[in-house]
Amino acid sequence: FEDVIYKNHSQGDHRRSPTRRNAGHAGPLRQRQDHTPHSARGRLGGQLRGLITYNGERFSNKMKRNMGFVTQDDVLYPHLTVTETLVYTALLRLPNSLTKDEKVAHAEAVIIQLGLTRCKNSVIGDHFLRGVSGGERKRVSIGQEMLVNPSLIFLDEPTSGLDSTTAQRIVSTLWELVNGGRTVVLTIHQPSSRLFYMFHKVLLLSEGNPLYFGKGAEMMDYFSRVGYAPRVAMNPSDFLLDLASGISSDDVENPMKVKQTLVSAFKTQMASNLKEELEQNDSPDEEGAEEKHFARWSTTWWQQFTILLRRGLKERRHESFSGLKIVQIFVVAFLSGCLWWQSDIAHMQDQIGLLFFYSSFWSFFPLFQAIFTFPQERLMLGKERSSGMYRLSSYYMARTIADLPMELILPTVFIIITYWMAGLKHTALNFLYTLFVLLFNVLVCQGMGLAIGALVMDQKSAVTLGSVIMLAFLLVGGFYVQHVPVFIAWIKYLSVNQYIYKLLLGSQYKTGDTYPCGRSGTCFVGDFPSIRLVGLERLDICVVALAIMLVGYRLIAYIALTRIGMKGK
């Protein structure tokens, strides 16, 4: 059961001339029957039947930026302050006809208008971080949509989870928006009597069937006329909930019969009048009409990229530079350095084991750091992309680059500690070669994690899939199993670890190098069993294969993200 509340600046009667609506006072969306199925261009996917129009024009993505949509759950970045949240939204959504200072001033004006001045420097917060209250968080969500000065604002249950006082404040804020010339459409469940009588128009639904649409003040009289009136004084919303559930004052009446009676009454007494009203609203009025043009994007690609990059760095720094992650890397680095302490070429098998540990540890670590990226960002990406805020390419580039500092700093620190403690070749060239290969490995495995996360979009499933893939790559990497059966040997050509392991061997050894073997003799490194099977030649093929993976995985991730937020025609 849902009450769908329609509030309009016309104080009860939403019939306005098309001239006024085109000038900025938008009429509501109309939906007509059409025999051609198509996917919704709004927030609902799947195959729908009908035609959605906006002021008589077919609805399109460009029109979304002239309307606001506030979701039931507040999708906000927890570590950004109220001011930062609204300023970044203003920089992305407001057109380039405004300067940066004007956009910031507009965001500050919205903060004042919504009564958020007291908490403007407080972080938003979430379940794990204390921040602003639930009502303030909801007002921030409303403020994000107000920034574009929309003619039409949709809200999905804005009072859910809030106490009655906070809910009253939220609806009072919406009332002020209506008096300022905007149309507000919202869904709400069981509002208090005070809230109910603030609504100009009410649509009552039961199992998708309309039972009433009209002025809120006339609703009780209508149901009395069709034979349903409360026996005692009660909250109108409680009475309506009973009717939508098939419960009448006469408890013996069959619920299905109650619903059928109300649906039939709506069709006979209200449907025809509403149809005429819609036709009158959609009739053309050329006199004084002003056509409103919608650009595809408010800002350029570069502006979107730089703004999203700054926002990503500010939000992600708390996660990327977490003390727990840094301590983890330092502990593993010093433990590895102690285990392989000054392991010279006389203990070649130990050195080879360290190099394979490099490839395995720095495959798993960046993979599982990246695998959560897009599943965690799914709601935010869907919300912002659906509103036409930015291009997917600008978001993807900014999101990827924002993670690079920590993704590259930690392995660099790790290799600095372990390389010299383990006694690997003490030359700058060999050290830089090893560092380059390790960072290359990190970037490729990060791309793999992004691709898996974007394809699956479920954290548990993505972790499971990533673990299986990486374990398979490790097993065929050339260290654990040296004689892989032919029927499964093809996996090693897909294995990141095989190519990285071979490059790491090449960073320390040459085929003609020697090592002590036997009692007093020396042997060629190229003849060492573990190295002979992997080989030290054709290292350029490994670089090319990894480069293809680096680009391919990230391209897969990008293509997978195209299905988020933007619905097809």
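The values are calculated or read from the model by the stated rules, or taken from the named source; none is laboratory data. Just so it is clear, the model here is predicted, and its values are computed rather than measured. Cβ sites come from the backbone with ideal geometry, for glycine too, and all protein chains shown count toward neighbours. Side chains are part of the model used for accessible areas, which takes the heavy atoms of the whole protein and leaves out ligands, DNA and RNA. Shrake-Rupley method; radii C 1.70, N 1.55, O 1.52, S 1.80 Å.
Here is how the numbers come out for the structure above:
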item: Within segment 310-406, trypsin sites (Lys or Arg not before Pro) in DSSP loop having at most 11 other beta-carbon neighbours inside 10 Å; result: none
item: Part-to-part distance (alpha-carbon centres) for segment 418-467 and segment 139-158, which is given in Å; result: 42 Å
item: Calculated [θ] (222 nm, deg cm²/dmol) that DSSP helices of n ≥ 4 give over the chain, each run adding -39,500 (n - 2.57); result: -17000 deg cm²/dmol
item: Over segment 171-287, relative contact order from alpha-carbon pairs under 8 Å, at least 6 apart, %; result: 20 percent
item: Long-range HN-HN contacts of G50 with modeled amide H, under 5 Å; result: D34, T36, H38
item: Degrees separating the helix 255-269 axis from the principal Cα axis of the chain, which is the longest one; result: 60 degrees
item: Listed peptides 539-545, 465-471 by packing density, highest first (mean Cβ within 10 Å); result: 465-471, 539-545
item: Between 0 and 90°, nearest 10: helix 323-339 axis offset from the chain longest Cα axis; result: 10 degrees
item: Cut-off of 10 Å, at most 11 other beta carbons, DSSP loop: longest stretch of the chain lacking such GluC sites (Glu not before Pro); result: 292-536
item: Accessible area of the chain belonging to carbon and sulfur atoms, whole % at 1.4 Å probe; result: 59 percent
item: Protection-proxy order for peptides 449-456, 190-197, 362-369, each taking the mean of Cβ atoms within 10 Å per residue, highest first; result: 449-456, 362-369, 190-197
item: Equivalent ellipsoid semi-axes - Cα gyration tensor, segment 462-526, angstrom; result: 31, 13, 10
item: Quarter of the Cα convex hull surface for the chain, i.e. its orientation-mean projected area (nm²); result: 34.1 nm²
item: Relative contact order of segment 63-140, pairs being alpha-carbon contacts under 8 Å that are 6 or more residues apart, as %; result: 37 percent
item: Relative contact order computed over the chain (Cα-Cα under 8 Å; 6+ residues apart), in percent; result: 16 percent
item: Cysteines in the chain lacking a second Cys C-beta under 4.7 Å; result: C119, C338, C445, C542
item: Table column - 3J(HN,Hα) (Hz), segment 129-146, Karplus curve with 6.51, -1.76, 1.60, x for Gly and Pro; result: 10, 6, x, 6, 6, x, x, 5, 5, 5, 5, 5, 4, 5, x, 4, 7, 5
item: Pair L129, S160: separation of 7 Å Cα→Cβ label points (nm); result: 2.4 nm
item: Within segment 72-181, chymotrypsin sites (Phe, Trp or Tyr not before Pro) in DSSP loop having at most 12 other beta-carbon neighbours inside 10 Å; result: F128
item: Helix axis angle, 164-179 relative to the chain longest principal axis, alpha carbon, degrees; result: 70 degrees
item: The chain - accessible surface per residue (Å², probe 1.4 Å); result: 47 Å²
item: 5 angstrom amide H check on Y212, placed H, neighbours 5+ away; result: L204
item: Sites Q190 and M380, calculated FRET efficiency, Cβ-Cβ separation with R0 45 Å, nearest 0.05; result: 0.95
item: Distance (nanometres) between label positions extended 7 Å along Cα→Cβ at S393 and W302; result: 1.5 nm
